[in-house]
1. How do the pairs read when you match residues in region 358-380 that are at positive phi with residues anywhere that are surrounded by fewer than 16 Cβ atoms within 10 Å (Cβ to Cβ), using Cβ under 6 Å and keeping only pairs 6 or more apart or on different chains?
2. As an exercise: evaluate Tyr128 against (1) more than 30 Å from Leu23 (Cα to Cα); (2) in contact (Cβ under 8 Å) with a residue 60 or more places away in the chain; (3) of a type outside the set (S, T, N, Q); (4) assigned to a strand (DSSP E or B) and give the number of the one condition it does not meet.
3. Identify, please: which residue in region 163-205 is in a loop (DSSP other than H, G, I, E, B) and small (Gly, Ala, Ser) and is, among those, surrounded by the most Cβ atoms within 10 Å (Cβ to Cβ)?
4. Evaluate region 444-451: report whether one residue or more is of a type outside the set (Val, Ile, Thr) and over 20 Å from Leu23 (Cβ atoms).
5. Return the only residue of Ile111, Ile116 being over 24 Å from Asn215 (Cβ atoms) and outside any loop (DSSP other than H, G, I, E, B).
6. Can you find, within region 421-445, the residue that is surrounded by the most Cβ atoms within 10 Å (Cβ to Cβ) among those that are among the charged types (D, E, K, R) and under 18 Å from Ser391 (Cβ atoms)?
7. Let me spell it out: the conditions are (1) in contact with a Ser or Thr (Cβ under 7 Å, 6 or more places away or on another chain); (2) part of a strand (DSSP E or B); (3) open to solvent by 50 Å² or more (accessible area, probe 1.4 Å), and Lys16 meets all of them except one. Which number is the exception?
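The values are calculated or read from the model by the stated rules, or taken from the named source; none is laboratory data. Model, not experiment: these values are computed from the prediction. Please note: Cβ atoms are built from the backbone with ideal geometry, for glycine as well, and neighbour counts cover all protein chains shown. Accessible surface areas use protein heavy atoms only, side chains included; no ligands, DNA or RNA. Shrake-Rupley method; radii C 1.70, N 1.55, O 1.52, S 1.80 Å.
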Amino acid sequence: MVQHNEFQAVVLAGGKGSRMTELTAGQTKCLLPIANVPMIWYPLQILERSGFKEAIVVVSELSKFDVSASLDKLGLKIKTEIVGIPGAEDLGTADSIRLIHEKIHKDFLVISCDLITNVDILEVLNLYRKHNASITALMLPVPKVPDNLVTPGPKNKQKPETDLIGIDNNTGRLIFLASASDFEETINISQRLLKKHTSFTVHSKLMDAHLYVINKWVLDFLVYNKNFTTLKGELLPYIVNKQLSKPKQSIDDKNTSVVQVDLKEDIFHFATEKPLDEVIRRMSAFNDHCTDMEEAYHGDIIRCYAHVSNEMFGLRANTVQMYHLANAKISEWWKADKKSRNRLSLLPSTSSTATVHSTQMQECRVGDNGLIEKKTSLRHSHVGANSIVESKTRISQSVIMENVTIKQRCVIHNCILCNGCTIEEGTELKDCLVGAQHVVTSGSQHSREVLTDADRLIEI
């Protein structure tokens, strides 16, 4: 295993899950269970598997204790420094990085807590190293949702966000990044870009995985330019576009005011090559293009790259649909991944403190102090810690979070039951999402509904 002393790792886990409030109204997003393991386990174990010994985990100050307690139980070897930020739920990703900048002393990798993938980070790091890049981003195929997978809750007509990602076909340079919603029918590409990159593809079926390797100078620029609040939506597109620019000419006129120039606003004040790197680049015979006689990289100091991975799986569990897909497929994905070490399959499917009396359990996971009574049937489901399933109940293809009570003679199919909810006797639920602490009354039948107290979903 290669240890990465030249990179720091930062896991962004302070988001509130604004696109999945039905789930996060009663739970911190990064602790939402996927196959009974907190979501944050997945990026951390990927980092650990790739040789990282330490990681900074950025969370909301309010959730710092809960996150710390959960990580202590996961058995990860990677050392985590948990940094709580007041009001982190309302901050953008760039804001969060800016607030912890004093803890970052070199080039660093940023990964989102909701990234569920088996990608080999070493490939992203190597692409970054190869070109001494400014930023290298991981791009993954947009996950395909099986036709027979129904997302719990009402039918959602909202279309997922589509990224437009332009990548040079010959060099892998990331040359264009935007959201499809920013355009109506046509996309205007500048003549300067077309002249510089003669062969490129604008992808609409790739997704930005929110995994970036970032040069330290980018952080320095971010600290002095507080107009950027997000990495993907604002900072990254800005820097990608700046690849087409050149540094301003030095000012020799003694009468010119330095204040007017405002070097802190000029990205090239920060994007400077180390003298030795510049000498090596100019002396090297390497050239990343063959369309003209210009020097390697067209002399660009700012260089952004995209690593496109075609690994078996990868998604961001940032919507109810993607969260449900991750829970439905994660065991299958990890079992099929022959390359993975420290896999989910190495974790016990049933906790040593759980009590299981049922003899009809198929592809299930049961958390700490869970209780499964006799004469129950559970298939392809995950039962969280301290949850109870009483007798004569059938559960299939469902996620049961912590402290859930399911009474006798219930039938539950393809549902998500959030923390502390109670399903009373004789209830039938199909394709439903039950909110935290909600009580579903005895004998009721529900299909494709969100069952919760409305005021729990209100953001104040």
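1. Correct list of pairs: Asn369/Thr353; Lys375/Ser391; His380/Glu363.
2. (4)
3. Just the residues of region 163-205 that are in a loop (DSSP other than H, G, I, E, B), to begin with: 169-172, 183-190, 197-199, 204-205.
Then drop every residue that is not small (Gly, Ala, Ser), which leaves 172, 190, 199, 204.
Details: Gly172: 19, Ser190: 11, Ser199: 10, Ser204: 11.
If we take residues in region 163-205 being in a loop (DSSP other than H, G, I, E, B) and small (Gly, Ala, Ser), then Gly172 is surrounded by the most Cβ atoms within 10 Å (Cβ to Cβ).
4. So far as region 444-451 goes, yes, one or more of its residues are of a type outside the set (Val, Ile, Thr) and over 20 Å from Leu23 (Cβ atoms).
5. Numbers: Ile111 fails: over 24 Å from Asn215 (Cβ atoms).
Checking each option against the conditions leaves just Ile116.
6. If we take residues in region 421-445 being among the charged types (D, E, K, R) and under 18 Å from Ser391 (Cβ atoms), then Glu428 is surrounded by the most Cβ atoms within 10 Å (Cβ to Cβ).
7. (2)
A quick yes/no check of all residues on (1) under 27 Å from Leu325 (Cβ atoms); (2) in a loop (DSSP other than H, G, I, E, B):
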residue	(1), (2)
Cys30	yes, no
Ala55	yes, no
Leu62	no, no
Ser68	no, no
Leu71	yes, no
Ile97	no, no
Glu102	no, no
Lys106	no, yes
